[in-house]
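In what follows, a structure is listed as structure tokens, so that the remarks can point back to it.
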Amino acid sequence: MRAKKMTLAALVLTAGLSLTACNGDGDGDSNAGGASKDSGASSSSSDSGPSSSDSGSGGDNASTEAAKGSGSGTGSGGGQVTTGNCKTANLEFGTAHGMGEGDLIVSLKNTSDTCSLKGFPGVDLRSEDASGPLSAERSKVSAPAVVLNTGETTRFTLHTPPKKDGDDGVFVSAIEVTPPNETHSKSLSTDLNLPVGADGEVFVDPVGTGKQ
């Protein structure tokens with residue numbers, strides 16, 4: 001009877017030790033699983049870090065490119081430049097005989113900022129032998145638009161009839177030139193010799209025509 005009690009006690013003790021060992025293994029497995037989860041979380045956090053950084057970098061680059069793009073589409077100088085009429089005071093005048101007999105070429109050089117000319121100049125011929133100035137009539141030549149930058153020159157031609165043989169003619173010592181759309185004139189010395197009664201035979205071409 002005593003032997004049976006001792007055997008039963010040994011079995012209980014053995015069972016208790018076995019249960020403790022099982023509980024210890026379970027705790028170990030639980031800890032291991034926890035470590036694995038922590039490791040996985042750490043790995044996940046580590047993986048997401050560079051992705052966030054790359055995304056931020058790409059955003060900066062995108063913003064930079066957008067700024068460049070918006071800047072390249074704007075700028076001054078894209079519109080047409082507007083100019084005012086050339087003023088008499090800002091033009092340097094000159095004269096030269098043309099190829100045809102009786103033709104006088106008048107040059108106009110811009111000495112100021114960019115300006116424009118379009119149309120016929122007014123030309124009055126003055127002679128000591130005549131009672132008054134003779135005004136040139138307009139030819140049928142079309143008038144172009146002329147833009148003169150600083151230092152550039154344009155011209156027009158004054159056509160007068162040649163003096164006839166045996167005719168004393170009329171000596172023209174000066175002409176007064178008024179540029180298109182201007183009210184101030186410039187007096188230029190010249191030495192034209194016109195036939196008497198040349199009214200209606202003196203013509204002027206618009207500025208910017210003829211040999212430039």
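Restricting attention to the range 82-130 and to residues that are among the small types (Gly, Ala, Ser) and out of contact with any strand residue (DSSP E or B) (no Cβ under 7 Å at 6 or more places or on another chain), the residue that is least open to solvent (accessible area, probe 1.4 Å) turns out to be Gly119. When you go through Thr153, Thr183 one by one, which is the residue that is among the hydroxyl-bearing types (Ser, Thr, Tyr), in contact with a helix residue (DSSP H, G or I) (Cβ under 9 Å, 6 or more places away or on another chain), surrounded by fewer than 18 Cβ atoms within 10 Å (Cβ to Cβ) and under 20 Å from Phe120 (Cβ atoms)? Result: Thr183 is the single residue among Thr153, Thr183 that is among the hydroxyl-bearing types (Ser, Thr, Tyr), in contact with a helix residue (DSSP H, G or I) (Cβ under 9 Å, 6 or more places away or on another chain), surrounded by fewer than 18 Cβ atoms within 10 Å (Cβ to Cβ) and under 20 Å from Phe120 (Cβ atoms). State all residues of the range 97-112 that are part of a strand (DSSP E or B) and of a type in the set (Val, Ile, Thr); if no residue qualifies, say none. Residues satisfying the conditions are Ile105, Val106.
The values are calculated or read from the model by the stated rules, or taken from the named source; none is laboratory data. Remember, predicted model here, so these are calculated numbers, not experimental data. We place every Cβ from the backbone using ideal geometry, glycine too, and count neighbours over all the protein chains shown. For accessibility, only protein heavy atoms count, side chains too; no ligands or nucleic acids. Shrake-Rupley method; radii C 1.70, N 1.55, O 1.52, S 1.80 Å.
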